[in-house]
Amino acid sequence: MNLRKALFKIVTYVVLLALVVIVLLPFYWMVTTSFKPPGEVNVVPPKWVPSEFHWQNYLKAWNAAPFNRYFVNSFFVSVMTTIGEVVTTIFAAYAFAKMDFFGKRVLFLSLLGLMMFPGQLRLIPNFMLASKIGWTDTYQILIIPWIASIFGIFLLRQYFKTIPDELWDAAQLDGCSRFRFLWKVVVPLSKPGIITVALFKFVGSWNAFLWVLIMTNQPGMRTIPVGLAVFRSEAGTHFAELMAASTMAVMPILIIFFFAQKQFIQGVARSGIK
Amino acid sequence: MPKKFVVTLVALSLVVSLSLFAAGQTEITFWHAMHREHKEALEHITAQFEEAHPDIKVKLVDQGGYGELSQKLTTSAAAGKLPTAAQQYEDWTIQYVNAGIMKGLDDVVSQETVDNLPDALVDSCTFYGKMYTLPFNKSAMVLFYNTDLIDEPPDTWDELLATAKELTVDKDGDGKMDQYGFGLRPTPELFSLFHHQAGGRFLSDDKSELLIDSEYGVQALNFMSDLREHSLYQTDYLSGPFGSGKVAMYIGSSAGAPYVASASEGNHGWDAAPLPHGSANGDSMIQGTNVGVFKVGNSEKQIEAGLEYVQFLTKDKWTIYWAQKTGYIPVTLSALNSDDWQSFLEENPKRKASTQMMKEGFVYPHHPDWYSVRNIFGSVLEKTMLGKGEPAELLEEGAEKFKKEVAS
Amino acid sequence: MSKLLNKFSGLIGYEGRKLKKLSFWKETFWAYVYLLPTLAVLGTFSLWPIIRSFKISLYDWNVLRNTGTFIGFRNYAELLSDPEFGAALWHTVYYALVSTPLTMIIALFIAILLNQKLRMRGWFRTAFFLPWITPMVAGASVFVWLFNADYGLINHLLGFVGLGNLRWLNSPALAIPLLIIFGVWKFLGFQVVLFLAGLQNIPEHYYEAAKVDGANRLQLFRHVTLPLLTPTTFFVLIISMIGAFKVFTQVYVLWAGTAGPLDSAQTIVMFFFQKGFNNFEFGYASAAAYILFLIVFVLTAINMRLSRKWVHYQ
């Protein structure tokens, strides 16, 4: 029995490792290319490891656009959007999961319906709106339209639904308000779901490109993905530098994810309430 | 939201604009898609312009790539919030002209100025018989070749084909080519180039017919099929495989020279040559954008200042400076023939080919649906390359499609 | 008639007698208070633009002048007989219907492996998540390089099994498969995270009870994990399918702004983008977006209907 268990573990590791290698191959290629001297980027057969670590790519990439400012903006916009989204989503998801109200199904289906339109459809009308109310080149236009998330509501609704109704009945007997119940009981119990929602929003916000570009003209208002556009032109791509800039762009989320994933695994104490 | 920050910002911009107003300054905006060295050169020229015109302030806005620039211009036109001036391709300009948002240049640009532009650039900037833009970052197609493998670049199509054949080799005998004589990217522009060099015209005079279904079109496609036999065929840029020695020659925009240089560094030598001649001519296609001024969303004063600015960019001194710093080609005949530029060429002989090509160039004719026409070209070319039909039939299909969808 | 009325009231989520209760209306009031921020934002920045583009879809619209001529449903009629749109539709359906289940199966498999007590579990999870956070431009550039027919790594490796001659980026037949491979790679991590969260949500005591009954690993998976995971599976299915039908950026970056060889990777959103921003035909483009919406809506509705048969809430 124990032998079988050990064997199973080994097989698991081997399979996982193989999958990781496949998945990480493009990523590895990105990082290793970011260190290559220019003549080595395209050689055949490919160089797995650069002959010398060409750190200058990073320096050049960093100076190709105002990345200091872009990083600050990306952080600010992503953090604010995420906070805003988590708050609006918790309320909305709770209403859909645990409250009985007029028009619930129609509303939920309509929200899902909104998701089915391509985002590109919204660009021009939203730009017209933004310029009418003077929101172009502001943080508001980069944040506020994105603090509501249908995806997030849908996800959290699934989470909240699994919380037994008896808890709310008991809380009511203790004279607990709905608001208090939501924040003191439901939210802590749904920490993994909330962190998942927050993480996805953060990544989405971090990588948003066209919206930022359309809504802003001042370099001081723009974010990292706009910076990544400077490495491409009609005549070619500065490959090594694009890869260097992309690696830098990924790092912060990578670190956040590494810590967040422990949260959404460890944060579960669900079995206790059943 | 840091409210204080926003308030301060608003106050600050108010103060700035007020002080500008007090000084009688006009602020204009120029949208571009230039990065890095190109952007620095543009900033330098703009600073010189501001020095020469203390009453004008130019705000340069980097809008990403050309695709994004076009999307921003479209969006902004819809909202009536256009910049004063912007870089633009001909097929965008003709749409802007049709929508009535462009400021015509006929009143400000003298005949002398027009006569001083290479023919291709006059064509490029003229719409419905009127001038609407001025040339800015212009490049020409040239033949890039590996000097370690080729001493004398080919002069004619036949020579090109022979050289390509000779240099396509399977060194280790594994059945896969290790080196290709030519690199072929199936772009509408490459087809157009060969079609023109064979002697073909694109559109009938009344622009109702696409004239590619001719012997010239067939010649171009057949030549490309032959060439493909000895080519690395891919949709991606060719500077990479060229630099690594996988490809010995390719035809591409002279704007790609910096990428060629960087990819070849430490691997082999390279140079650029004028294009090989087809049966009719050895003309090159001139590419790159022009600059124009929008009349919507701008005050009279801004339009005036914008006109000054776009003219400034084409002044000999600055078009030469621009070309030296970026790799593009000066846009006036007097600049091309100037001592400054000629002595620059002596020091940078790799730039000679594109300079020569600029004077022997052509551009696409203007048609509001040129985007669709390019798609037709692309599809005819790709079908030929994939062996999905005979050139003559495919060209006829393309011409039919134009009549049905575009000319209607 | 009353039957129909019942059906209708069921559809909008209440029964007749409920409406008479004050407590129901009180709860309705509070529910809308909770929903207010969401509805305000979505109403302004999503619903309004979408309604406006419906109007535009009924016009021959000149976007540059922001005016147009009313032509009724002509754009829709034209679309339905436009072979280019038909092809885009087919490519989109092909992509969505293959990539969605494929990604889900692989993601579920990985999530289950990762749901055990393993050394370096955190590193594994992070690794699978990486493609999803990699900027699309960078990811696609690497793919273009890896899948180059002549000197790309993939063909080099496939050469060992005699398949080294596939022209990934240049042959029409391989365009959608390549898009699917890219999609699986890119969105795998996203789904793994969702499945992992779902797996974590299955209470331990179900497993314990089943073990007491002598269930083996496979039986545990078949009779505990799978059924209890169905709400997550359903959620991932709906979200991924809607996302897959909107496939665009991948195409745009893999084929440098074109729709692939002979437009073989033309998708509906790509079609929308090209008609709108390159051809300046926004009326036509908007109509295409509405047809996309209709298709996805019907598919989602069918899925929701079917879900009653296989989704179990605990």
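Note down the accessible area of B:Ser343, probe 1.4 Å, to the nearest 10 Å².
Its heavy atoms expose roughly 60 Å² to the probe.
Check cross-link reach from C:Lys211 to the aspartates and glutamates: straight Cα distance under 15 Å, and skip same-chain residues fewer than eight apart.
Correct list for C:Lys211: empty, as no aspartates and glutamates qualify.
Test of understanding: in a Gaussian network model of chain B with alpha carbons linked when under 10 Å, which of B:Gly100, B:Gly200, B:Gly245 would top the mean-square fluctuation ranking?
Taking springs between Cα atoms under 10 Å, the residue moving most is B:Gly100.
Compute the semi-axes of the equivalent ellipsoid of segment A:214-265, taking the square root of 5 times each eigenvalue of the Cα gyration tensor, and list them largest first in whole Å.
28, 17, 7
Can you compute 3J(HN,Hα) from phi for each residue in segment A:133-149, using the Karplus curve 6.51 cos²θ - 1.76 cosθ + 1.60 with θ = phi - 60°, rounded to whole Hz and x for Gly and Pro?
In residue order, the calculated couplings are 8, x, 9, 5, 6, 10, 5, 3, 5, 7, 10, 4, x, 10, 7, 10, 9 Hz.
What number in nm² do you get for segment C:17-75 if you take the convex hull of its Cα atoms and divide its surface by four?
Projected area, direction-averaged: 6.7 nm².
If you scale each eigenvalue of the Cα gyration tensor by 5 and take the root, what three semi-axes come out for segment B:216-262, rounded to whole angstrom and sorted largest first?
Values: eigenvalues 108, 32, 11 Å².
Computed over segment B:216-262, the values are 23, 13, 8 Å.
Can you list residues from other chains, or at least 5 along the same chain, whose modelled amide H is less than 5 Å from the amide H of B:Gly361?
B:Ala120, B:Ser284
Ordering B:Phe377, A:Phe108 by how much accessible area each has at a 1.4 Å probe, largest first, what is the list?
Ranked from most to least accessible, the order is A:Phe108, B:Phe377.
Rg over Rh of segment B:128-186, using C-alpha atoms and the Kirkwood radius, what does it come to?
On the way: Rg = 18.0 Å, Rh = 14.6 Å.
We get a ratio of 1.23 for segment B:128-186.
For the pair B:Lys59 and C:Arg217, how long in nm is the line joining their label points, each one 7 Å along Cα→Cβ?
In this crude spin-label approximation the distance works out to 6.4 nm.
What is the pair-distance distribution P(r) of the protein assembly as shown, computed from all Cα-Cα distances in 10 Å bins starting at 0, with each bin given as a whole percent?
2, 10, 19, 23, 20, 13, 7, 4, 1, 0
How far is helix B:66-79 tilted, in degrees, relative to the longest principal axis of the Cα atoms in chain B, given as a value from 0 to 90 rounded to the nearest 10?
40
So in chain B, what percent of DSSP beta bridges are antiparallel if you round to the nearest 5?
In chain B, approximately 60 percent of DSSP beta bridges are antiparallel ones.
Keeping all protein chains in position, work out how much accessible area A:Glu234 exposes to a 1.4 Å probe, and write it in Å² to the nearest 10.
A:Glu234 has an accessible surface of roughly 60 Å² with all protein chains in place.
Give the accessible surface of chain B per residue, rounded to a whole number of Å², with probe radius 1.4 Å and ligands, DNA and RNA excluded.
40
Using a 10 Å cut-off around each Cβ of peptide A:235-245, what is the average number of partner chain Cβ atoms that fall inside? Don't skip to the end; give the middle numbers.
Values: counts 15, 15, 9, 5, 9, 1, 1, 5, 3, 0, 3.
Across the residues of A:235-245, the mean count of other-chain Cβ atoms within 10 Å is 6.
From the mean inverse distance of alpha carbon pairs (Kirkwood) and the Cα radius of gyration, derive Rg over Rh for segment A:1-104.
For segment A:1-104, the value is 1.24.
In whole Hz and in residue order, list the ³J(HN,Hα) couplings for segment A:242-251 that follow from phi through the Karplus curve 6.51 cos²θ - 1.76 cosθ + 1.60, θ = phi - 60°; x for Gly and Pro.
Couplings: 4, 5, 5, 5, 5, 4, 5, 5, 6, 3 Hz.
Arrange the residues A:Cys176, B:Cys125 by how much accessible surface each exposes, largest first, with a 1.4 angstrom probe. Don't skip to the answer; put the middle values down first.
On the way: A:Cys176 30, B:Cys125 0 Å².
Most to least solvent-accessible, the answer reads A:Cys176, B:Cys125.
May I ask for the angle, rounded to the nearest 10°, between helix B:215-228 and the longest principal axis of chain B, with both axes built from Cα atoms and the value confined to 0 to 90°?
It is inclined by approximately 70 degrees.
For B:Lys301, list the aspartates and glutamates whose Cα falls under 20 Å from its own Cα; do not include residues on the same chain fewer than 8 positions away.
B:Glu27, B:Glu50, B:Glu51, B:Asp55, B:Asp106, B:Asp107
By its C-alpha gyration tensor, with a ≥ b ≥ c as the square roots of the eigenvalues, how is segment C:78-310 shaped: rounded for a/c under 1.5, else prolate for a/b larger than b/c, else oblate? Intermediate values should be presented prior to the final figure.
On the way: a/c = 2.52, a/b = 1.47, b/c = 1.71.
In terms of gyration-tensor shape, oblate.
Just reorder A:Arg69, B:Arg228 by solvent-accessible area, largest first, 1.4 Å probe, all chains present.
Ranked list, largest accessible area first: A:Arg69, B:Arg228.
So what are the radius of gyration and Dmax for the Cα set of segment B:359-407, in Å?
Final numbers for Rg and Dmax: 12.2, 37 Å.
Cα gyration tensor of segment B:282-408, axes a ≥ b ≥ c as square roots of the eigenvalues: rounded (a/c below 1.5), prolate (a/b > b/c) or oblate?
oblate
Find the percent of Cα-Cα distances in segment B:150-273 that exceed 26 Å, and round it to a whole number.
26
Given a 1.4 Å probe and every protein chain left where it sits, what share in percent of the accessible area of the protein assembly as shown is carbon and sulfur? Mind showing how you got there, number by number?
Working: 24780 of 41180 Å².
The computed percentage sits at 60.
For B:Ser262, what charge total do you get from the other residues with a beta carbon under 15 Å from its beta carbon, if Lys and Arg give +1 and Asp and Glu give -1?
Charge balance near B:Ser262 sits at +1.
Any idea of B:Lys317's accessible area? Nearest 10 Å², probe 1.4 Å.
140
First obtain the Kirkwood hydrodynamic radius of segment A:64-273 from its Cα pairs, then insert it into the Stokes-Einstein equation at 20 °C and 1.002 mPa s, and state the resulting D in µm² per second as a whole number.
Rounded, D is 111 µm²/s.
In Å and on Cα atoms, what radius of gyration and Dmax does segment A:176-222 show?
When restricted to Cα atoms, segment A:176-222 yields Rg and Dmax of 17.2, 50 Å.
Could you tell me the calculated FRET efficiency between A:Arg69 and B:Ser343, based on Cβ-Cβ distance and R0 = 60 angstrom, to the nearest 0.05?
That pair, A:Arg69 with B:Ser343, gives E of 0.90.
Taking 25 Å as the cut-off for C-alpha to C-alpha distance, list the pairs among A:Lys191/C:Lys246; B:Lys176/C:Lys186; B:Lys315/B:Lys359 that go past it.
With Cα atoms farther than 25 Å apart: A:Lys191/C:Lys246; B:Lys176/C:Lys186.
How much accessible area is lost when chains B and C come together, counting both sides, with a 1.4 Å probe, in Å² rounded to the nearest 100? Can you show the working numbers first?
Working: alone 19150 and 19830 Å², together 36490 Å².
For B against C, buried area totals roughly 2500 Å².
Distance check, please: which entries in A:Lys60/A:Lys201; B:Lys138/B:Lys350; B:Lys81/B:Lys138; B:Lys39/B:Lys352 exceed 20 angstrom between their Cα atoms?
With Cα atoms farther than 20 Å apart: A:Lys60/A:Lys201; B:Lys81/B:Lys138; B:Lys39/B:Lys352.
In deg cm²/dmol, rounded to 500, what helix-only [θ] at 222 nm does the protein assembly as shown give when every DSSP H run of at least 4 residues adds -39500 (n - 2.57) and the total is split over its residues?
Helix contribution divided over all residues of the protein assembly as shown: -18500 deg cm²/dmol.
Is chain B rounded, prolate or oblate when judged by the Cα gyration tensor, a ≥ b ≥ c being the square roots of its eigenvalues, rounded requiring a/c under 1.5 and prolate requiring a/b larger than b/c?
Details: a/c = 1.96, a/b = 1.57, b/c = 1.24.
Prolate, because a/c is 1.5 or more and a/b exceeds b/c.
The values are calculated or read from the model by the stated rules, or taken from the named source; none is laboratory data. Keep in mind it's a predicted model, so treat the numbers as computed, not measured. For neighbour counting, all protein chains shown are included, and Cβ atoms are generated from backbone atoms with ideal geometry for every residue, glycine included. Each accessible area value is taken on the protein alone, full model and side chains, heavy atoms only, with ligands, DNA and RNA left out. Shrake-Rupley method; radii C 1.70, N 1.55, O 1.52, S 1.80 Å.
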